[in-house]
Amino acid sequence: MAATSDYVTLVSSDDYHFVVQRSSACISPAVKRMLDPMNGFLEAKTNTVRFDTINAMVLEKVCEYFYYSEKNESARDVADLDFPTELCLELLMAADYLDI
Amino acid sequence: MNFIKRLLLDCNPSRNITSSYTNTQIDHVRTQRSQYAQIAEDYRRRRAADPGEGPSTAAAPTQDQDEALAAAAQAEEDEKKTKKRKRKEEDAIDEIKKAKKAKGGKAAEKKEKAIAKKKAKKTNPDLDDSDDEDYDIDYKKAKPAPGQFEHCESCNKRFTVTPYSKEGPDGGLVCTPCGKEMTKDLKKEQKALQPKAAAGKRRRKVESEKLDGVSTGGAKSLVQLCLQRVAQHHDDVEELGDLPPKLLERLSEIFSKKRVMKPKTLPLFLRPDLDSVVVHDAAYLEEEDYLQMFSVVPNMKKLVLSNTCQLKDKSMDYMLERCHELRHIALYAANLVSEEMWHRLFQEAGAKLEVIKLKWLDAAFEDEAVHDMVQCCPNLERLKLKLCRRIGQDSIDSIAELPALKHLTLHIGREVSNDALINLIEKRGSLLETLSLEKFLDADDAVVEAIHDNCNRLSKLRLSENDTITDAGFTALFTNWPNPPLTFADFNSTRDVDNNNPTGPEEAVGLASSGFAALMAHSGPSLKHLDIASCRFIELSAFCDVFNGAQSYPALEYINISFCNKVDTSVVAGIFKSCPKLKSLVAFGCFDVDNVVVPRSIALVGVPRAQDAIEQFGIGVDVDEAVGRMVEVGA
């Protein structure tokens, strides 16, 4: 596709699709590189990124984090994002993978 | 007839009633009245709690006082028989009432208040009551004195009044356990209502996070949030799964910082496939834990144990037996390890060792051990010996023989002659990339000259806490020095310390204006970390020349100018302008600096301002605007 659309799709390992804004998703350098048209990846052409190691619950929190981070970019003393503790370790692995 | 008159008649039938009552009489009457009230209340209470068992006559207020007395006596008897069961029932009913009250909320409370008000209106504690009101009077009880019995307002139990008995919400007294609960509830409420004016505490948290490398502007990274959560619930974590080693290290750092690295949590960080074990706070770990460590991770190449107070010979022995791949050993405060064990360590594992870092060894570790180390560790590249009390000059001579040494850090308490230092530098200087000599108070210009002559690969140089080297010596060091520009320069606390001469000697001692200028001229292009704390004889003019805005220091990220009291706001402005990559500026004790506007993403630590936080960080102003504003204010 010649024009880059405003929204991209993130797919979890259990086939849940999350449609998020491109600018928010690109907070993750990994996603940014995947979606960069210059690099010529399949993800960039289809505007979809599939994560086989991240399940839907975790990916949902990740998307929430994208928006939270973008919203509070220049704010001070922001409140921490809340998430269920059970999700913590998987979320940590996903965050490390995505470098966010 | 007036109740009082009647009472008086009861008490003193023969007495003639006069209209002027004395105080004692009135008091007497009042106490009697309160006793009656007490009894009436008892009765009423019991009736309210258990209508079945008490006498089934009309409601208490309408009864005559005498009847009330009799009824009360009767009720008391009944009560004695089934005291326990009743009490349990009462408690249960009270709990339900409480729960209902909590559920009912405001509406129920209002209703109750209205009823209470009506009752209050009815009562008229004045002495001239009308006769009709006699039976309806709700007697206001005097507070029972300590020692007397009273019924708790909330749970209805009987208890002895003490001077510490708390007051209940309706004015009566509550028993001790209910009182405790009440204060607990009150405290919780207060805490909830308290505005986040715990500003000092929050600021401290912010400061602490900043020092941990967590950025304070904007949102925290998700990794950081998760790590915090794991550390918060360290008790519940059973297994860390497949975390990559880097995250594992970060997590272990956080655990150590929170002092929860204990025998229970240590196994989380031990996996057979790991090749490093880093525990920054091993204070809680005991012998079994060390044995476990070495048995689970036998192929470890890097072992870092700080505060290892409990590391003993037996554990070290096991380590030497199991772990044959050790390359990097850092043991801080391992004071229970004996001298022989140190020798054994070097003899058995020395061949492969590349990094040795030992700090805080007070009891053992003599010069002979260092000698052994040098003999047995030919591949040693990094050596850090700090605060090991028993080593001295002989160690320096031994270290001078290490063939592969690239990074050397020394902080030796005992006296070391300058010749020994010069010998060391002459022999090893050409290979050295890091040289750190802390608190060698008597090192003089000759040492610095030796550095100039022999070191041409240095990238990190620290010469701190010294009051002998002169400014001229420093200037000579940085002038015409073939060494490429340094990346790390730390000359803190190099100055003359003499209470009788606060302005310093004529010929400046320590890093002063010309030395500083020479340093920046030499290393400016690639300097990342600059620490000149307490070099208080550097003049304002020197600062202004170096940080004049026109000159740029492209790599400089951290500057520490604490206690250089000649610094003022223009210098700070110049620093902001000259250092595009600046992340952190530490300026404690610089009292001429104020009204600083901090640009975005720079953390300014230590500038005094009574109302503000110790740390100010940029809120989104960029450098030019910030400097502009400061210049306006200054001008």
Residues with amide H under 5 Å from that of A:R50, placed H, sequence gap 5 or more: A:V11
Area hidden from solvent between B and A (accessible, protein heavy atoms only, 1.4 Å, total, Å²): 2100 Å²
Share of pairwise Cα separations in chain A, more than 17 Å, in percent: 51 percent
Net length gained if the chain between B:K205 and B:N418 were fully extended (0.36 nm per residue, minus Cα distance): 72.2 nm
Burial ranking of peptide ranges B:461-467, A:20-26 (average Cβ count within 10 Å, highest at the top): B:461-467, A:20-26
Near-label residues of the range B:557-582 by backbone N, under 13 Å of a point 7 Å along Cα→Cβ of B:D594: B:569
Inter-part distance where the range B:150-167 and the range B:472-545 are each reduced to a Cα centre, Å: 74 Å
Over the range B:447-507 - Rg/Rh using Cα atoms and the Kirkwood inverse-distance radius: 1.02
Anisotropy class of the range B:274-345 from Cα gyration tensor, a/c 1.5 cut: rounded
Spin-label pair A:N55/B:D545, simplified geometry with 7 Å Cα→Cβ offset, distance in nm: 6.7 nm
Modelled FRET efficiency - R0 30 Å, B:D624 with B:S526, Cβ distances, 0.05 increments: 0.75
For the range B:361-456: rounded, prolate or oblate by the Cα gyration tensor [a/c cutoff 1.5]: oblate
Values of log10 I(q)/I(0), in the order q = 0.33 Å⁻¹, for the range B:149-189 under a Debye, Cα-only, solvent-free model: -1.19
Rounded to whole Hz, the Karplus (6.51, -1.76, 1.60) HN-Hα couplings of the range B:536-551, x for glycine and proline: 7, 9, 6, 7, 4, 4, 4, 4, 5, 5, 5, 9, 9, x, 7, 6
Average Cα contact separation per residue, the range B:149-189, under 8 Å, 6 or more apart, as relative contact order %: 34 percent
Crossing angle, helix A:56-71 versus chain A [Cα axis fit, 0-90 degrees, rounded to tens]: 90 degrees
Distance from the range A:1-65 to the range B:369-400 (C-alpha centre basis), Å: 55 Å
Extension gain, B:K406 back to B:K184 (0.36 nm per residue minus Cα-Cα distance, nm): 73.7 nm
Residue mean of other protein chain beta carbons inside 10 Å, A:91-99: 6
Simple spin-label estimate for B:E348 and B:E321 in nanometres, 7 Å along Cα-Cβ: 0.8 nm
Phi-based couplings in Hz for the range B:440-453 (Karplus 6.51, -1.76, 1.60; Gly and Pro marked x): 8, 4, 9, 4, 10, 4, 5, 4, 5, 5, 4, 4, 4, 7
Estimated distance in nm for a label pair at B:Q148 and A:T46, the labels positioned 7 Å out from Cα along Cα-to-Cβ: 8.7 nm
Cα gyration tensor category, rounded, prolate or oblate, for the range A:26-71 with a/c compared to 1.5: oblate
For B:N483, residues with placed amide H under 5 Å, excluding near neighbours: none
Amide hydrogen neighbours beyond the local backbone of B:V586, cut-off 5 Å, H modeled: B:I559, B:N560, B:I561, B:V605
HN-Hα J in Hz across the range A:28-34 - Karplus 6.51, -1.76, 1.60, θ = phi - 60°, x for Gly and Pro: 8, x, 5, 5, 4, 5, 5
Links that overshoot a 32 Å alpha carbon limit, given the list B:K157/B:K188; B:K83/B:K166; B:K257/B:K312; B:K427/B:K577; A:K61/B:K301: B:K427/B:K577; A:K61/B:K301
Computed over chain A: relative contact order in percent, which uses C-alpha pairs under 8 Å that are six or more apart: 31 percent
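The values are calculated or read from the model by the stated rules, or taken from the named source; none is laboratory data. Bear in mind the structure is a predicted one, so any value in this text is a computation, not a measurement. Here Cβ is always computed from backbone atoms with ideal geometry, including for glycine, and neighbour counts include all displayed protein chains. Each accessible area value is taken on the protein alone, full model and side chains, heavy atoms only, with ligands, DNA and RNA left out. Shrake-Rupley method; radii C 1.70, N 1.55, O 1.52, S 1.80 Å.
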